Structures are given as structure tokens and as C-alpha cells.
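Student: Dropping the structure in here first, questions after.
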Protein chains: 2
Amino acid sequence: MKVLDELSKTHLALSQSELESTFRKVDRITLYRALRDFEEAGIVHKIVDMNGTTRFAICSDDCPDATHNEEHVHFNCQRCHKMFCLQHTHIPDIQLPPGFTHSGINVLVQGVCNKCS
Amino acid sequence: MKVLDELSKTHLALSQSELESTFRKVDRITLYRALRDFEEAGIVHKIVDMNGTTRFAICSDDCPDATHNEEHVHFNCQRCHKMFCLQHTHIPDIQLPPGFTHSGINVLVQGVCNKCS
DNA sequence: TATACAAACGCAACAGTGTTGCATTTATTT
DNA sequence: AAATAAATGCAACACTGTTGCGTTTGTATA
Ligand SMILES: [Mn+2]
Ligand SMILES: [Mn+2]
Ligand SMILES: [Zn+2]
Ligand SMILES: [Zn+2]
């Protein structure tokens, strides 16, 4: 499927409308359903960027199917507005207050990317 | 203003519709503009929860006005769906790949809160 | 106090996204 | 070729974000 192609090509997280514009012609609903199904199948993961835009990225090989526990950092460049999956930047442990149990974590860093700096 | 009252009472991050329902009568636009202005003034900060819902929370005293650099952890309980500002849970430094510079960070932890566990 | 000006408020309207139902087209399987 | 299953497109609706504009309310001033 072309969606997976596009997502695999770049290791960026793309919004639905960005994906949409790589197609000559596609219905937004079809795209929505494809992305939903890919996410449920553990093939892509979904992240919300600093502007609230939902973005999708291909999952790495070692991503457990449904749970999406591949805990890597996401980076949002404030120049080019691209979102990077920093697959190799791991998330340090966080000490939660007593009584709070942890089952997942999202880390979104803002700044300037290597190309824009 | 009642909005600030509500946000100060709880130290949770509330969605606009949650805030709306604490009012007897208020226009959603008025609320939207109030929240926008409070955020620009550095009185409240905005966070997107794990479902993509935007939420607002009162800023701590030491929050720098416009920039919102009070870097604390946010916690989303998957039972009660409340979002907590863990004001005292600090965010560890993260090593970014070369060329990436950091100017802000959001950490959102999912799990079960102290009341629900 | 009456008038003038400014701030707050409410409504209409529009765009974008998420979501579902249903009918049609396309692909598979007997 | 016929029957069945999967993918697609469209209509529709809800909710959020956002702006414009006119009305109400509040404040300052002559
Ligand atoms: Mn990622
Ligand atoms: Mn907070
Ligand atoms: Zn960049
Ligand atoms: Zn809870």
C-alpha cells in the first residue's frame, strides 16, 4: 500500500493531510480507515504534535503489535515543523509520586532539527 | 474569573467542555477566548491528552509568563481519564542526536492514578 | 448624571478532523 | 461465471478551532 511506502520512505511522522497530498486522488475516509487499521495492527503509530495535529509514523521492527510500547522520543522542529521519530533516543525512567503506576509514556521535544540549525 | 477558580480548585487539567459544564450558562466562544488569553498571559497552560483532547491547567507561580517552561510531567489515568499536573515530578534531561537543539519538552505518562489503583 | 469609549459577550459562519452508515466498485473464491 | 468478501467513495453528523460583527455591560470623563 502506498501509505506504508510513503511512511517508510521518510522516517518522519506525517499528518493525514500530508499523506493525502502525496496521492493523485484518494478519499480522506479511505485514508482515515487505512491509518486506523494500520495502527490497530501495530504497523504504524500515532502521535499528536505540538500543535495538536495527529501524525502517523511507521513502527520499528521491534514494536509490540497492539500496545505500541516502542518508547522513543519524538521531536518537533519549530522551523520546518517536521516531526521526527528519534528511534534511538531512549526515554529515561521517571519517578512517579506514590500510588501512580506507569503503563506508557510519550515524550515530545521541541527545538530545531539538524537540517534547520 | 470563574474559569481560574475552577482550575485553581483542582490541580487537574480540564478540557474546555468540562469547564463549560461547571457553568450555568456560558458561550463556548467566550470560554475559548478566555482560555486563549489566559494562556497567552501565562496564567494557564495547555496540554493535549492521550486522546487528543486539549486540556487546560493553572500555571504554578514560578512559571515564566509567555514561554511556559515549567517542565513538569503530566499524567493521564486510563481509569478515570483525569489528567494530573505532577508539579513536583521533574523531567530528566534527554540526550538528543547531534544537530538537534532543545527548547521545550512535553512528557505525558499514562497509567493508573493514586485514587484508581 | 449623562455621554463617550472600551471591554466582554453571544451568535453566525466556516474550516478541519474524527467517525459511522450505506451503496458501489473491485478483488477473491468457489 | 456466480457468489462472496474486501476496499472504496460519498453523505452526514458531531465537535473543535477560529474569525467577524453586532450587542451588552462596564468605566471614565465632561
Ligand atoms: Mn515514533
Ligand atoms: Mn501542567
Ligand atoms: Zn527542521
Ligand atoms: Zn484515575
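Student: Where residues in segment B:72-87 are within 18 Å of the chain's Cα centre (by Cα) and part of a loop (DSSP other than H, G, I, E, B), which of them is surrounded by the most Cβ atoms within 10 Å (Cβ to Cβ)?
Tutor: Among them, the one singled out is B:K82.
Student: What are the residues in segment A:88-109 that are over 13 Å from B:H74 (Cβ atoms) and either open to solvent by 30 Å² or more (accessible area, probe 1.4 Å) or more than 7 Å from chain B (Cβ to nearest Cβ) (or both), if any?
Tutor: A:H88, A:H90, A:I91, A:P92, A:D93, A:Q95, A:P98, A:G99, A:T101, A:S103
Student: Checking B:Q16 against (1) open to solvent by less than 30 Å² (accessible area, probe 1.4 Å); (2) within 14 Å of the chain's Cα centre (by Cα), which single condition isn't satisfied?
Tutor: Going through the list (1) open to solvent by less than 30 Å² (accessible area, probe 1.4 Å); (2) within 14 Å of the chain's Cα centre (by Cα), B:Q16 breaks only (1).
Yes or no, residue by residue, for (1) touching a Cys at 6+ places or on another chain (Cβ under 8 Å); (2) basic (K, R); (3) within 21 Å of B:Q110 (Cα to Cα):
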{"site": "B:M1", "(1), (2), (3)": "no, no, no"}
{"site": "B:D5", "(1), (2), (3)": "no, no, no"}
{"site": "B:T10", "(1), (2), (3)": "no, no, yes"}
{"site": "B:A13", "(1), (2), (3)": "yes, no, yes"}
{"site": "B:L35", "(1), (2), (3)": "no, no, no"}
{"site": "B:D49", "(1), (2), (3)": "no, no, yes"}
{"site": "B:T54", "(1), (2), (3)": "no, no, yes"}
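Student: Taking A:A34 as the residue in question, decide whether it is more than 7 Å from chain B (Cβ to nearest Cβ), open to solvent by less than 30 Å² (accessible area, probe 1.4 Å) and within 16 Å of ligand 3 (Cβ to nearest atom). I'd like the intermediate steps shown before the answer.
Tutor: On the way: more than 7 Å from chain B (Cβ to nearest Cβ): yes; open to solvent by less than 30 Å² (accessible area, probe 1.4 Å): yes; within 16 Å of ligand 3 (Cβ to nearest atom): no.
Answer is no for this residue.
Student: Looking at (1) open to solvent by less than 40 Å² (accessible area, probe 1.4 Å); (2) modelled with pLDDT of 90 or more, find the lone condition where A:K46 falls short.
Tutor: (1)
Student: Residue by residue through segment A:14-31, note down the ones that are within 16 Å of ligand 3 (Cβ to nearest atom) and either among the charged types (D, E, K, R) or in a helix (DSSP H, G or I) (or both). If you could, list the steps in order and put the result at the bottom.
Tutor: The initial filter retains those residues of segment A:14-31 that are within 16 Å of ligand 3 (Cβ to nearest atom), namely A:14-15, A:18.
Scanning segment A:14-31 gives a single hit, A:E18.
Student: Related question: Does B:I47 fit the bill of being within 12 Å of the chain's Cα centre (by Cα), away from chain A (no Cβ under 11 Å) and more than 16 Å from ligand 3 (Cβ to nearest atom)? Reasoning before the result, please.
Tutor: On the way: within 12 Å of the chain's Cα centre (by Cα): yes; away from chain A (no Cβ under 11 Å): no; more than 16 Å from ligand 3 (Cβ to nearest atom): yes.
Judged against the criteria, B:I47 is not a match.
The values are calculated or read from the model by the stated rules, or taken from the named source; none is laboratory data. Just so it is clear, the model here is predicted, and its values are computed rather than measured. Positions of Cβ are backbone-derived with ideal geometry, glycine not excepted, and every protein chain shown enters the neighbour counts. For accessibility, only protein heavy atoms count, side chains too; no ligands or nucleic acids. Shrake-Rupley method; radii C 1.70, N 1.55, O 1.52, S 1.80 Å.
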